[in-house]
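J.: Could you have a look at this structure, given as structure tokens, before my questions?
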Amino acid sequence: MASTPGNRLRADLERRDIIPLIGVYDVFSASVAGRHFDGIFVSGFSFAASYYGLPDVGYIAWPDIVAFVQRVRTILPSHHVVVDIDDGYADVEVACHVVKQLEALGASGVVLEDQQRPRKCGHLDGKQIMELDDFVNKLQRVLAARNDLFVVARTDATDPDEAMVRAHRFAAEGADAVLVEGVQDLELLRNLRNEVDCHLVFNQMAGGKSPPATLEQLSSAGVSLVNYSTPCLFAAHDAVDTAMAALRQDDGRLPVARPGNMDVKSCTRLLNENCKGVMSNGQNASRADEVLRSTPTKQGKHDSD
């Protein structure tokens, strides 16, 4: 099996119980998240907010997301990078073209959803979904267009029975994994695990429809991959808002730099590490490498054992 990003993700899924994918909103947040986790999720919600300042309702243009993924891959050459491509940007031909582009520049996988436009964030009400056969046709074309890219087929069906039917069909068509968006009861995941012969993906979002859960709880429910769509975006929102309120209250005086807080030196150090590729080329062990070495495998041993 060729050592492509998609196959490396497949191999890791065979070796590890569960892999978290951290949603990022720009390249800087990816570089920070990449020091703690070896899985990155290019979140549509986060990208729409950061790049356009708009909600996740279908504004993203595919050339923008492709260019963004290329920049992320440049600074994180060894991480798993899974990309939210919404509905494939409406058209089947466009979906196939985007998949080929993303695979060529080193993406590990994509998430393709069955929402009908106008689309919405998967954790909001009022979603519409495509006819099953129409989406399956798109999924088949995408699967045929990729080489080794890992493809997650996502359903936004809100009825559990309909979601189960669609997950079965997606798996039967050859999707590497299925994602039922907005799961409100982890028991649905356990039922899926017993009936669907592919990996399960779960999407966690603060304030969303799904209950907060630990990696251990999700692994026990049969989940293999966890998308954390917005932790970086929401953390930045809170931090910037707090910092600006303090700056205004303190009459424009910046706080005194303290050890452990970000300042010009520590920020520049991180950016220089990105420039040198320190996080993945073996010159220095990154935090992501340390996390990976301490992650239990399916045999219950750590990578360093």
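Bear in mind these aren't lab numbers, they're just calculated from the coordinates by the rules spelled out. Because the structure is a prediction, the values reported are computed rather than measured. With ideal geometry, Cβ positions are generated from the backbone for all residues, glycine too; neighbour counts draw on all protein chains shown.
J.: Any residue that is part of a helix (DSSP H, G or I) and touching a residue at least 12 places away in the same chain (Cβ under 8 Å) - is there at least one of those in segment 174-186?
T.: yes
J.: Sticking with this one: Just to be sure I understand, how many residues within segment 189-209 are in a loop (DSSP other than H, G, I, E, B) and out of contact with any Phe, Trp or Tyr (no Cβ under 7 Å at 6 or more places or on another chain)?
T.: Total meeting the criteria: 7.
J.: Does F234 meet the test of being within 27 Å of A33 (Cα to Cα), in contact (Cβ under 8 Å) with a residue 12 or more places away in the chain, among the aromatic types (F, W, Y) and surrounded by 16 or more Cβ atoms within 10 Å (Cβ to Cβ)?
T.: Yes, satisfied.
J.: Next question, about the same structure. Cβ-Cβ distance below 9 Å, separation of 6 or more or different chains: which pairs start in segment 242-262 with a residue that is without any contact (Cβ under 8 Å) to a residue 12 or more places away in the chain and end on one that is loosely packed, with under 10 Cβ neighbours inside 10 Å?
T.: So the pair list comes out as L247/R253; P255/N261; A257/V264; A257/K265.
J.: On the given criteria, is V223 buried (at least 19 other Cβ atoms within 10 Å of the Cβ), part of a loop (DSSP other than H, G, I, E, B) and of a type outside the set (F, W, Y)?
T.: Values: buried (at least 19 other Cβ atoms within 10 Å of the Cβ): yes; part of a loop (DSSP other than H, G, I, E, B): yes; of a type outside the set (F, W, Y): yes.
Yes, satisfied.
J.: Separate question: Taking only segment 139-156 into account, find how many residues are of a type in the set (A, V, I, L, M) and crowded, with 21+ Cβ neighbours inside 10 Å.
T.: Total satisfying the criteria: 6.
J.: Output the residue which, of all residues in segment 33-65 that are more than 19 Å from L112 (Cα to Cα) and of a type in the set (F, W, Y), is surrounded by the most Cβ atoms within 10 Å (Cβ to Cβ). Lay out the reasoning, then the answer.
T.: Residues of segment 33-65 that are more than 19 Å from L112 (Cα to Cα), as a first pass: 33-38, 49-54.
Restricting the remaining residues to those that are of a type in the set (F, W, Y) gives 37, 51-52.
Numbers: F37: 19, Y51: 17, Y52: 13.
Out of the qualifying residues, it is F37.
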